[in-house]
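Quick notes on the structure that follows.
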Amino acid sequence: MSQEMNPTLDSLISRAEKLARAGDKQGALSLANQLVAQHPDEMKVWSLRAYLHGRERDYAGAIADLSTAIRINPMEPSLFCNRGQDHLSLGDYEATLIDCGKGLDLCDHYDNDYYRESLMCIRAEAFIGLGRRDEVLADLAGVRDGLKFWTNRLRTKKEMVAECLRLPA
């Protein structure tokens, strides 16, 4: 497993991302598949392919690839954030809670809050889906007012709190 990417691999990953953004889904996925075959121990190639699957709403494919990336590097919080988001998209709230919890643990481990609000919003959305009002409010208390975030749709903290307050107490 190589944590340091070589410039050629980095540029190929960037090329695949650009192809996807330009609408060349097949070209992007073909390149990602080649990279996975050539570099099966690189977390970033699995994450790339997961991203491409997610763009196509193939959340099961994205989860499978993120699971491989996590086996390669179980200490990367972004992987748990992304997989939690994909579980949420499938309505698998319990798996969402597990991934968000692991991601938040890693934020604590690294003393780095870069993914914290994202993880808390995703987890709050899962708690809404489960009708767990107190947990929603606890997570959203740690999120900035005015924040807009994509959970299963573009939402504000205010909208999520309002939906939560409509849940049975």
Filtered GluC sites (Glu not before Pro), the range 1-87: DSSP coil and at most 11 other beta carbons within 10 Å: Glu4
Gyration tensor (alpha-carbon) shape descriptor, the range 12-60, a/c threshold 1.5: oblate
Listed candidates (1) 16.0; (2) 17.9; (3) 16.7 - label of the one calculated as Kirkwood radius over Cα pairs in Å: (3)
Cα gyration tensor shape of the range 49-149, rounded if a/c is under 1.5, else prolate or oblate by comparing a/b with b/c: oblate
The range 76-169, relative contact order in percent, only Cα pairs under 8 angstrom and at least six apart counted: 25
Accessible surface of Ser11 - all protein chains present, 1.4 Å probe, nearest 10 Å²: 60
Of all accessible heavy-atom area on the range 1-130, the percent that carbon and sulfur account for (1.4 Å): 48
0 to 90° range, to nearest 10: angle between helix 93-110 axis and the chain longest Cα axis: 80
Residue-normalised accessible area of the chain, expressed per residue, 1.4 Å probe, Å²: 54
Candidate lysines for bridging to Lys44, where Cα separation is under 21 Å - those fewer than 8 sequence places away on the same chain excluded: Lys18, Lys25, Lys102
The range 25-91: trypsin sites (Lys or Arg not before Pro) falling in loop per DSSP and having at most 15 other Cβ within 10 Å: Arg57
Average Cα contact separation per residue, the chain, under 8 Å, 6 or more apart, as relative contact order %: 13
The range 67-87-the range 14-55 distance, computed between alpha-carbon centres (Å): 16
Shape category assigned to the range 121-169 from the gyration tensor of Cα positions, a/c cut at 1.5: prolate
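The values are calculated or read from the model by the stated rules, or taken from the named source; none is laboratory data. These numbers were taken from a predicted model, which means no experiment stands behind them. Neighbour counts run over all protein chains shown; Cβ positions are idealised from the backbone, glycine included. Side chains included, ligands, DNA and RNA excluded: accessible areas come from the protein's heavy atoms. Shrake-Rupley method; radii C 1.70, N 1.55, O 1.52, S 1.80 Å.
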